[in-house]
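Report on the structure given below.
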Amino acid sequence: MAFEFEPKILVLATLACAYPGADAVGKAHLEYPSNVSILRVPSPALFPEDFFARAYARGIDGILIASCGSDCPYKGAYDKLAARIDRLVQRMKEGGLEIERMRLTAICTVCIKAFLKEVTQMDSRLRELGPVNRSAATEIWQASLRELQAGEIVQMARSAS
Amino acid sequence: MSSGNGAAMRETENHFDVVVVGGGIAGLQSALDLADQDYRVLVVEKQPSIGGRMISLSKVFPTLDCASCITTPKMSAAAHHSNITLMTYTTVDAIEPAGDNHRLTLTQMARYVDTSACIGCRQCEYVCPVEYPDPFEQGMGALRAISVPFANAIPQYAVLNPEYCIGCGACVRACASDAIRLDQQPKTLTVEAGAVVLATGFHLNSTSLKPQYNASRSKDIVSPLQVERLLAPHGPYGRVLRPSDGKIPDSVAFVLCAGSRDQSIGVPYCSRVCCMYSIKQAMLLSGALPTADITIYYMDIRAFGKGFEQFYQNAKAMGISFVKGKVARITPQPNGDLMARVEAIEEDGRVMENRHDLVVLAQGIVPELVSPERLGAAKEEDGFIRRPDPLRPAWTGREGIFVAGTAAGPKDIVDSIMEAGSAAMEASHYLTQKRATADANAPSLELEVIGAASE
Amino acid sequence: MSEQKKSSNPKTESQKPRIGVYICRCGGNISDVVNTDALAGKVKQLGDVAACRVETFMCSDPGQATIVEDIQKQNLNRVVVASCSPFLHELTFRTVVQRGGLNPFLYEHVNIREQDSWAHKHDPVGATSKALRMINAAVGKLHHAEPLERIRMGNHRQTLVVGGGIAGLKTAAELAGKGVPVILVEQSSSLGGRVALLARTFPREDEGSVLAKKLIAQVTDHPLVRIFTRARIERVSGFIGNFDVKIAFEPKPDASASSDPQGAGHSANAAEVYASVGTIIVATGADPYKPARGEYGFGEQPAVVSLADFLRQLATLPNGNFIWNGKRVRNVGFLHCVGSRQVEGVNPPQADGKINDYCSRYCCTAILQQALTLKMRFPDVNVFDFYQDIRTYGGHEDYYTKSSAAGVVFLRYHAEEPPVVEPGENGSALKVRVKDYLTFGEEVEVPLDLLVLGVGLVAHDIPELIDLLKLPVGADRFLQEVHPKLRPVETAVNGVLLAGTAQAPMNIEETLSAAGAAAVKAAIPLSRDAVELDPFVAEVNAEKCNGCERCLTECAYTGALFKETVQVDGESAVKARVNPGLCFGCGACVAVCPTRAIDLKGWTLDQFDAMIDGLVEAVPVEG
Amino acid sequence: MPAKLTEAHRQALKLFREQHSDLDGTLKKYVADFRHERKQITEALRKGAGTVPELTRQTGLPVDQVLWHVTAMRKYGTVQEAGADGDYVKYEFIEQNGK
């Protein structure tokens, strides 16, 4: 049997919306590829850019952030997340990582179809793209970390003045 | 209000703030809602395990959650609650006023097992040589004369059925913790309670009430509780088979209103849940038997609760066939088939003869408690417990005696749970009022009004 | 106000992880797809896994007992259960772990049912391999887990009830009776809501206003109840036990409030009210569906009225001939399911583009009650009832039986072919054309003098409150409970409860039961001096914090993060600190910290990194 | 069985037998029938896997009783499913070690 590339897909699903949404898919006994692993998270706004880049560097081929979107229970968290992902995607573009490996979307507690569509689309796109370029991802990870830590210097310079 | 841990408040060993009669879902919910407010609660259950009817169901409408997944945590929470005492295999024989309280006479039936020693290892069950039709499996499976009643039973103690025990002593020899007590006798005891919640539940009336359905002539004319067991993950056959001969059914029919909405059988009312559980069973059957034809014969589909109508529409979309019609007769054939004679109301009233492997009769819900008067309550014409005050739907009209769940009328699980909470609230309200002495630590209303509230 | 103690359980802190992993078959729900035995074989080989068992029902008493016993006998200090969704049993197993003597947060729940066996039914190998990856991730997370303590907060032992209809009144009466002070806020100028306007209620034929008055009397003079009418919630902040609420008032109308007998003029001159409450009950009710102009002739044909209007007017009519708007009425029709059980493509959508596809529950009985009353009072009036299904559930069936016996004529239509209302001929006001499926789908024309639309219930429009309290709303626009059976009156917001028709259509009796259930859930947390909260809030590691204040800028919750000056080695330094009672645990601060000094307890970045490593490292299970 | 009955156990057994003496022999007959049927089905199954109708033909017992016994034996681990034959499930006997 020919070796077929099986992408490793990570779904970061919000406790309030997307995680129960993914549960609803299972409760309806609808199916999606088993290479999709779901981690629950209070709000994906807690992740710095380097977290995502590290995940790619460790071999995750695609990340779907299944957020609450406009139903986000936390004040302003979604906008902060969206801004973070914008910057990350920009960095991926520059660093030679396909931006389809990252997708930010909103999944509600009963969004069964939307969930299925998102994961199957990502799965088929990643199968076309092949495995993630881990060394490119490592570069981006290190660059993101450097920038985050540099922020410290900027900030300290500001408070000193 | 009582506060702190139950133990400190214990006036006497046999006094409780509230006794809940019935350990089904309604009783357990009432008990938990009271115990969480630090009342000391005794739950008295007639069966050897708590969990009531709900623990024997497969999945529940309209969410299709597995029933045991919803029930077991509540059973477990009640069993582990420091303010709740469970007495299973115990009947309440009488409730009488005792001064300001209620005195309950209880009979603890002989389990023939010392519950302080039994660890639920089932060694006795494994060596017991006699098996009989398992009531939990609606007779379809087997249970040994001594056994733990069912897999998720709480408490997990063995119980011996003397009707089937031949007194061979094998269990006595097998029990590592020496828990078998063949000389155990029923025990009568009394307890006192500040308030009582009656949650005595329901049973289904007989499938034989309507002779034209011939339920006594075929094992494949079944009750909905049998279907629940057929569908349950741990059901008797491990799959859906017809009980007469083990055939995998390819045509299943549901006859709605088979024991309700009929004055002539003494059940003029609608049993409220049959439409929905039949639709649910039809959906689950179509999952278990993908090629089977499933028909629901109905008069009105009463999908009135939250999410019910959508559930009904989903069932129609799944291909379950809904026929508005009167089932005049069901006739078992020599080959085991069941012929249903149906007057299809929407098809020119034509009479159809349809063949089915399995026919489910939606029986009526009738109260389990026959004489509520013994327990200090009165009943309505329909036999359910009376609740005279429209503004206090959990109150029986007798001081300190409340009712929850299907003891007061047929209803679904959600409504039973709501009523259970309501009964707990009314009981705690009552207990607070009864302790006339004001609690010095009772909170008073605090707020800040800006701009003078006086006229 | 808050107290955090580090557990000093020696068992959990100093030792090397000894992890127990428990795999549930869920009576076949899981094991029919996931090869649980093979899975267990692989799990046993994972680092620091000291015990691994497979059970049929992990959540059952014996299942739980196994965990407790293993913790004690095998000296486990971390536990994983792989079973159903954490929404069902995470709490159950945290309690079990605690019973075994461990800190309840040294527990990880892995969902191998909803998100594995049920979602990959036809891929048993993939599902088994995924289960292993997920368990490995949980094991990885537990390596970084620390014992956490629930946060104990002070508790304002009073309740805010929003809505002065029967649901709100009932909750207030019960809570006050139980000794819990209540602040009741009603938007309109009077109490009693819609029930106060009902002439006759079913099934006991009580007068609505009498019922409402009795309830009002129980609360108005109660020392523990404070009522504000013409009032609304303007601001809410805080959390269970500690909600801070600001109540504002509508300007006083010119007409004196005292003309309103139920006006409970407590609030006459108040400008604003501030209160702190422990729990909040939302009892904002529902509204009768208002048909669109032209819907079944409504608003265009004067002889088309809604059930609510009909009810009110019928009560005032003298006996004798049935006179409506000055005209003698001989033929009356009742139409069921107006604004309910709507069908896509048949019924025009509502303002929000959705249809009302739900059943409004109360209307069948209410219609037949009116039909029967009409038939009893005016026997020569012909009554026609256009329906889909008669849903007179339970004892309400009596109304159906009696209506049929009294000669009400039933015509059954299909939702896809609703009746058509047209101007009448030959002296009748209206003509209803309907395909009647009781007479085999024949099209029938029924001349009518009056048509009563059996309107359903729609959710009361409360966008501000939904926003303020972050209330979840269902597809039907009614407020959404957490779980219809496990937590039927609780919302996703801890301490905020639902009572009555704000949640779903209900009749009076059901509303009162629901209100009782909400009241008890409001009373439970207030029966103690303190509330306990989950510990999943941000925490600053002061050693790592460099005082850059970026987290403070990022935090959206006033007071949740603040800076303080501390002495470090004789020098003062600025450090960030968290107020756990005000922190919502979103983690926005975590992402911007340059030194990883701030983390969400229970959800640290190290734990997420470890979970990702766990996902990519595991090897697939063969066969 | 290893454990020996004590005098107290024997007294209890005696009391139990007295209190539940099967005067009209109903239980006696039930147990005799039960054993006989179980033995016949076990023997039939020992000859090879079969469906409920097949076992019925071989034993001559009522078909619903055959299903009930097979179900019971499955529950207590002496029978397992072995595929299907048309609309019927086949059952096979599991030989117990040492028996």
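Computed from the coordinates by the stated procedures, all read-outs in this text should not be read as laboratory data. Just so we're clear, the structure is a prediction, and the values are computed from it rather than from any experiment. Quick reminder, even Gly has a Cβ in these numbers, built from the backbone with ideal geometry, and neighbours come from all protein chains shown.
How big is the gap, in Å, between the Cα center of segment B:41-58 and the Cα center of segment B:222-241?
Measuring centre to centre over Cα atoms gives 19 Å.
Please list, by residue number, every one of the chymotrypsin sites (Phe, Trp or Tyr not before Pro) in segment A:55-86 that is coil in DSSP and has at most 13 other beta-carbon atoms within 10 Å.
none
Within segment C:268-336, report the GluC sites (Glu not before Pro) that DSSP leaves as loop and that have at most 10 other Cβ atoms within 10 Å.
none
Put a dot 7 Å past each Cα toward the Cβ at C:Thr565 and C:Glu250; how far apart are the dots in nm?
Going from the C:Glu250 label point to the C:Thr565 one covers 5.2 nm.
Amide H of A:Leu104 versus every other amide H placed in the peptide plane: which residues, excluding those fewer than 5 positions away on the same chain, fall under 5 Å?
Here A:Ile65 satisfy the definition.
Sequence-distant or interchain residues sharing an amide H contact under 5 Å with C:Ser340, placed H: which?
C:Gly456
Classify chain B from the C-alpha gyration tensor, please: rounded if a/c falls under 1.5, else prolate or oblate depending on whether a/b exceeds b/c.
Oblate, since a/c reaches 1.5 and b/c is not below a/b.
What average count of beta carbons from other chains do you get within 10 Å of the Cβ of residues in B:237-244?
What the average comes to for B:237-244 is 4.
With a cut-off of at most 16 other beta carbons within 10 Å, and DSSP calling the residue loop, which trypsin sites (Lys or Arg not before Pro) in segment C:346-406 qualify? Please list them.
C:Lys354
With an 8 Å cut-off on Cα pairs and a minimum separation of 6 or more residues, tell me the relative contact order of chain C in percent.
About 15 percent, as a whole number.
Average partner chain C-beta neighbours within 10 Å, per residue of C:520-529?
Mean shielding count: 6.
Quick check on chain B: helices-only [θ] at 222 nm, where DSSP H runs of length 4 and up contribute -39,500 (n - 2.57) each and the sum goes over total residues. Nearest 500, please.
Theoretical 222 nm ellipticity from helices: -6000 deg cm²/dmol.
Once the Cβ-Cβ distance between B:Ala176 and A:Gln149 is put in as r, and R0 is 51 Å, what FRET efficiency do you end up with, to the nearest 0.05?
My answer for the efficiency is 0.20.
Could you work out [θ]222 nm for chain C from helices alone, using -39500 (n - 2.57) per DSSP H run of at least four and dividing by all its residues? Round to the nearest 500 deg cm²/dmol.
-8000 deg cm²/dmol
Could you tell me whether the protein assembly as shown comes out rounded, prolate or oblate from its Cα gyration tensor? Rule is a ≥ b ≥ c as square roots of the eigenvalues, rounded for a/c under 1.5, then prolate if a/b exceeds b/c, otherwise oblate.
Here the protein assembly as shown falls in the rounded category.
If I model a spin label at C:Ser209 and B:Glu163 as a point 7 Å from the Cα along the Cα→Cβ vector, what separation in nanometres do I get?
5.9 nm
Tell me, what is the percent relative contact order of segment C:320-379, built from C-alpha pairs under 8 Å that lie six or more residues apart?
The normalised contact order for segment C:320-379 reaches 32 percent.
For the pair C:Ala542 and B:Glu368, what calculated FRET efficiency results from E = 1/(1 + (r/R0)^6), where r is the Cβ-Cβ distance and R0 = 51 Å, to the nearest 0.05?
In this case the efficiency is close to 0.25.
If the viscosity is 0.890 mPa s and the temperature 25 °C, what Stokes-Einstein diffusion coefficient in µm²/s follows for segment C:496-623 when Rh is the Kirkwood radius over Cα pairs?
The calculation lands on 132 µm²/s.
Could you work out the helix-only [θ] at 222 nm for chain D, with each DSSP H run of four or more residues adding -39,500 (n - 2.57) and the total divided by the number of residues, to the nearest 500 deg cm²/dmol?
Computed mean residue ellipticity for chain D: -18000 deg cm²/dmol.
Going by a ≥ b ≥ c, the root eigenvalues of the Cα gyration tensor, does segment A:1-133 fall in the rounded group (a/c under 1.5), the prolate group (a/b larger than b/c) or the oblate group?
Oblate, because a/c is 1.5 or more while a/b does not exceed b/c.
Using Cα-Cα distances under 8 Å and only pairs 6 or more residues apart, what relative contact order does chain B have, in percent?
About 17 percent, as a whole number.
Across peptide B:168-175, what mean number of C-beta atoms from other chains lies inside 10 Å of a residue's C-beta?
4
Rank-order B:177-183, C:77-83, C:597-603 by packing density, defined as the average count of other C-beta atoms within 10 Å over each peptide's residues, highest first.
Ranking the peptides B:177-183, C:77-83, C:597-603 by packing returns C:77-83, C:597-603, B:177-183.
How many nm is it between the label spots at B:Ala317 and B:Ile450, if each spot is 7 Å from the Cα in line with the beta carbon?
5.1 nm
Which Cys residues of chain B have no other Cys Cβ less than 4.7 Å away and so no disulfide-compatible partner by this rule?
B:Cys118, B:Cys121, B:Cys128, B:Cys165, B:Cys168, B:Cys175, B:Cys257, B:Cys270, B:Cys274, B:Cys275
Under the Karplus relation 6.51 cos²θ - 1.76 cosθ + 1.60, θ = phi - 60°, what is the ordered set of whole-Hz ³J(HN,Hα) values for segment B:199-205, x standing for Gly and Pro?
9, 8, x, 9, 9, 8, 6
Could you order the peptides B:41-51, A:60-70, C:156-166, C:478-488 from most to least packed, using the average number of other C-beta atoms within 10 Å per residue?
C:156-166, B:41-51, A:60-70, C:478-488
Highest first, please rank the peptides B:234-243, B:300-309 by the mean number of other Cβ atoms sitting within 10 Å of their residues.
Listed from highest to lowest mean packing, they are B:300-309, B:234-243.
Would you please give the residues with an amide H less than 5 Å from that of C:Lys435, counting only those at least 5 places away or on a separate chain, with H modeled from the backbone geometry?
Result for C:Lys435 returns C:Val444.
On a 0 to 90 degree scale, rounded to 10, what angle separates helix C:86-99 from the longest Cα axis of chain C?
For helix C:86-99, the angle is close to 50 degrees.
Given R₀ = 56 Å, FRET efficiency for C:Ala415-B:Glu96 by Cβ-Cβ distance, to 0.05?
The calculated FRET efficiency here is 0.55.
Could you run the Karplus curve 6.51 cos²θ - 1.76 cosθ + 1.60 with θ = phi - 60° over segment C:307-312 and give me ³J(HN,Hα) per residue in whole Hz, x for Gly and Pro?
Each residue of segment C:307-312 in turn: 4, 4, 5, 4, 3, 4 Hz.
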